[in-house]
Amino acid sequence: MNAPHTPSGGHTPDRHHMLALMHALEWLKAGQFTRAEGVGLRVVEADPGNADAHFVSAVAAYELGHHRVALERLDCAIDLQPKTAEFYAQRGVVLNAMACRDAAVKEFCRALELSPSDVPTLANLARVLLKMGDPHQAYRPMRRALALQPDNPELLGDMAVILVACRQPSAALPLYEQAIRLVPGDADLHCNYSRALLMLGQYTQGWRENEWRWRSSHYRNVGFNLPAPEWDGCPVEGKTILIVCEQGFGDALQFIRYVPWMRQQGATVLVQCRPELVRLFQAIHGVERAIPLGEPLPEIDLAIPLLSLPLVHGTRIDTIPAARCLTLPAEPAPPMSIRQGNMPMRVGVVWSGNSQRSLRFEDLAPLFKGSGIEFHALQPGPESQKARDSGLIDWSGWLTDFAATAAVMSRLDLVITIDTASAHLAGSLGIPVWVLIHATADWRWSATGERTPWYPETRLFRQEQSGHWGGVIGRVSRALQRHAVLYREERRAG
């Protein structure tokens with residue numbers, strides 16, 4: 001943030017006001033936002049034509065979480081000094097915090113028209129474009145920013161994130177490495193570096209870098225503490241080990257495959273997980289007990305976070321444990337007949353989750369036009385009403401936990417899903433699954449190709465451009481019709 005300046009237009013601020021605003025800037029830098037706001041407002045009251053006072057009070061309001069107030073004060077500053085780039089740049093920051101991405105982009109672009117080489121604004125524009133799912137557009141302003149400050153570790157890390165999102169993880173690695181040399185203790189850099197390494201299949205180093213996740217900003221509020229010494233791969237014959245699930249359902253389902261290996265080492269294996277996974281994980285051969293998070297723990301010898309297991313195991317591309325470790329609890333069975341005779345092919349669909357990977361139910365319409373297919377909606381929550389209205393068989397009332405969902409999936413011939421826990425569940429059950437992959441794919445799906453080593457029988461359909469699912473759905477629809485023909489031919493032959 002720049003110091004208060006003498007604006008154009010003939011208004012010369014009082015010297016005492018300028019000194020007061022200098023102090024306000026110091027309060028802002030020190031995180032004393034209420035004090036800074038008070039100074040700015042007192043100057044505004046004494047000198048309403050002081051644009052810098054409006055600006056300082058706006059920045060303080062933003063930092064205090066009063067976004068609309070901040071915008072009103074920035075508008076006052078801009079009315080007084082319409083050619084000050086910093087005012088528009090700050091409007092972009094506030095609008096981005098309000099999730100008004102398109103408006104934020106316009107403000108950053110207006111600021112850059114007035115100050116084309118302002119590095120923070122270039123970087124902020126790139127970050128917003130990336131959040132909007134457009135890494136290729138984000139690349140341009142970040143490249144300009146990095147050209148102006150080539151040794152800025154934050155910019156190097158941001159550009160590397162953009163390159164990974166553009167499916168160029170190989171180009172991202174040297175940027176991460178340069179940034180880490182500049183700030184070797186930055187956990188976010190190490191954590192993001194691990195994602196690029198894992199996407200490229202460089203697992204040995206990738207798993208080591210992934211251990212930085214506990215110090216990264218993503219985990220800052222997790223408050224994770226193991227209830228026993230962490231297992232480092234030492235002999236565990238006769239020991240009781242607790243696996244502590246972390247992150248989301250998909251991660252839990254993907255990495256629970258290490259249980260059989262642990263059991264082969266002679267360990268008694270307990271799993272601490274979210275309640276929705278307890279029945280499913282309790283049925284895994286080798287799990288002594290699945291314990292819901294929050295419940296008291298029995299006596300244990302060692303513990304390990306779930307995503308640290310690949311490091312201890314020494315997992316490489318060619319040593320990934322088999323995915324099919326899940327079995328179904330005996331009861332209850334879904335009210336659905338066993339496949340037989342000339343019954344139509346049963347296809348389950350999942351289209352919505354908790355991220356940008358979701359798509360609208362309406363986007364799936366081309367899939368439902370084919371013949372000889374019975375569609376089942378595996379979508380919990382309010383989205384299920386759309387499926388019922390379109391004639392799909394709705395299982396939302398049945399999907400009480402992942403064991404129940406697995407029981408339904410076991411009666412299907414194919415599952416078509418976005419990148420969500422359902423993809424991992426179907427893959428771990430050995431059920432044929434097609435996954436619709438967002439343009440900015442997660443590391444486990446690699447950057448290219450139709451297959452993943454984590455689920456060799458899973459087929460991936462990749463989005464070419466962020467936000468555009470039409471091409472993906474078209475390819476899936478054509479593949480589904482071919483699959484239905486083969487299904488009918490096999491049924492007739494059998």
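Points worth noting:
- Residue satisfying all of: in the range 305-327; within 13 Å of residue 233 (Cα to Cα), within 23 Å of the chain's Cα centre (by Cα) and hydrophobic (A, V, I, L, M, F, W, C); surrounded by the fewest Cβ atoms within 10 Å (Cβ to Cβ) among these: 311
- Counting only helices (runs of 4 or more DSSP H) wholly contained in the range 229-338, the ones carrying 3 or more residues that are touching a helix residue (DSSP H, G or I) at 6+ places or on another chain (Cβ under 6 Å) occupy 249-255, 275-282, 309-313.
- Remark: residue 492 matches the filter, which requires a residue to be over 30 Å from residue 276 (Cα atoms) and not aliphatic (A, V, I, L, M).
- Selection status of residue 295, acidic (Asp, Glu) and without any contact (Cβ under 8 Å) to a residue 12 or more places away in the chain: yes
- Within the range 396-426, tally of residues that are of a type in the set (Phe, Trp, Tyr) and surrounded by 23 or more Cβ atoms within 10 Å (Cβ to Cβ): 1
- Candidates 94, 59, filtered to the one that is of a type in the set (A, V, I, L, M, F, W, C) and touching a Phe, Trp or Tyr at 6+ places or on another chain (Cβ under 7 Å): 94
- Residue 464 meets each of the listed conditions (1) farther than 28 Å from residue 325 by Cα; (2) of a type outside the set (Val, Ile, Thr); (3) touching a strand residue (DSSP E or B) at 6+ places or on another chain (Cβ under 9 Å) apart from (3).
- Candidate set from the range 427-438 (those that are without any contact (Cβ under 8 Å) to a residue 60 or more places away in the chain and not β-branched (Val, Ile, Thr)); member that is farthest from residue 322 (Cα to Cα): 434
- Residue in the range 170-183 that is among the small types (Gly, Ala, Ser), buried (at least 19 other Cβ atoms within 10 Å of the Cβ), out of contact with any strand residue (DSSP E or B) (no Cβ under 6 Å at 6 or more places or on another chain) and closer than 22 Å to residue 312 by Cα present: no
Since every read-out is calculated from the coordinates, none of them should be taken as a lab result. Just so you know, these numbers come straight off a predicted model, no measurement behind them. We place every Cβ from the backbone using ideal geometry, glycine too, and count neighbours over all the protein chains shown.
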